[in-house]
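Only one structure is covered here, and it is reproduced in the block below.
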Amino acid sequence: MLGLLKTLLFSFALQQGAGNAKRRLQRAALRAAMACFGGLLLLGGAGFLIAAGHEALALATDVRTANLICGAGLILVGGVIVAGSRGVRGGKPIDLPSPAAPEPLAAAVLGRDVERILSRHVGTVATGAFVAGLLMATRRR
């Protein structure tokens with residue numbers, strides 16, 4: 001009789017665990033579906049913003065220039081995303097020159113430090129260059 005009771009309790013516990021697992025799985029599936037729907041809305045909104053930006057740029061300039069600028073911008077953003085998806089590498093600490101260092105050596109160390117900082121923020125530098133090019137192109141006309 002005690003063995004039968006143990007078996008019944010064990011099967012009840014398994015059934016409860018299976019019910020909880022089923023509810024957790026349903027909640028996870030619902031969250032995944034909501035995330036996919038949100039992602040689709042996000043991509044749709046981004047598409048409309050890109051189309052509106054292209055249209056405004058085409059009105060300000062000609063269609064060919066708008067196509068080139070939007071294409072270059074999308075390539076730039078895609079490149080930054082791909083580069084960011086590869087992960088961030090741990091950078092070395094910046095070496096400060098000693099106060100007794102001669103001037104040309106200090107300038108070389110400073111140049112390496114600036115290069116290291118700019119290479120860490122290449123997306124920001126490229127975006128700034130892109131915006132500067134847009135501003136220069138609109139001022140030229």
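Since every read-out is calculated from the coordinates, none of them should be taken as a lab result. What you are looking at is a predicted structure, and each value in this text was computed from that prediction instead of being measured. A quick note on method: Cβ atoms are made from the backbone with ideal geometry, for glycine too, and the neighbour counts reach across all protein chains shown.
On full extension of the chain, what length is gained from V82 through K22, given 0.36 nm per residue of separation minus the C-alpha to C-alpha distance?
My answer for the length gained is 17.9 nm.
Got a sec to turn the phi values of region 130-136 into Karplus ³J(HN,Hα) couplings, 6.51 cos²θ - 1.76 cosθ + 1.60 with θ = phi - 60°, whole Hz, x for Gly and Pro?
5, 5, 5, x, 4, 5, 5
Could you run the Karplus curve 6.51 cos²θ - 1.76 cosθ + 1.60 with θ = phi - 60° over region 53-67 and give me ³J(HN,Hα) per residue in whole Hz, x for Gly and Pro?
Per-residue couplings from phi come out as x, 5, 5, 5, 5, 5, 6, 6, 10, 9, 5, 5, 5, 5, 5 Hz.
In nm, to one decimal, how far is the A32 label point from the A46 one, both placed 7 Å along Cα→Cβ?
It is 2.2 nm.
Between L68 and A126, what length comes free when the chain is fully extended (0.36 nm per residue of separation minus the Cα-Cα distance, one decimal in nm)?
19.3 nm
For region 1-89, report the convex hull volume of the alpha-carbon atoms normalised per residue, in Å³, without decimals.
Taking only Cα atoms, region 1-89 has a hull volume of 114 Å³ per residue.
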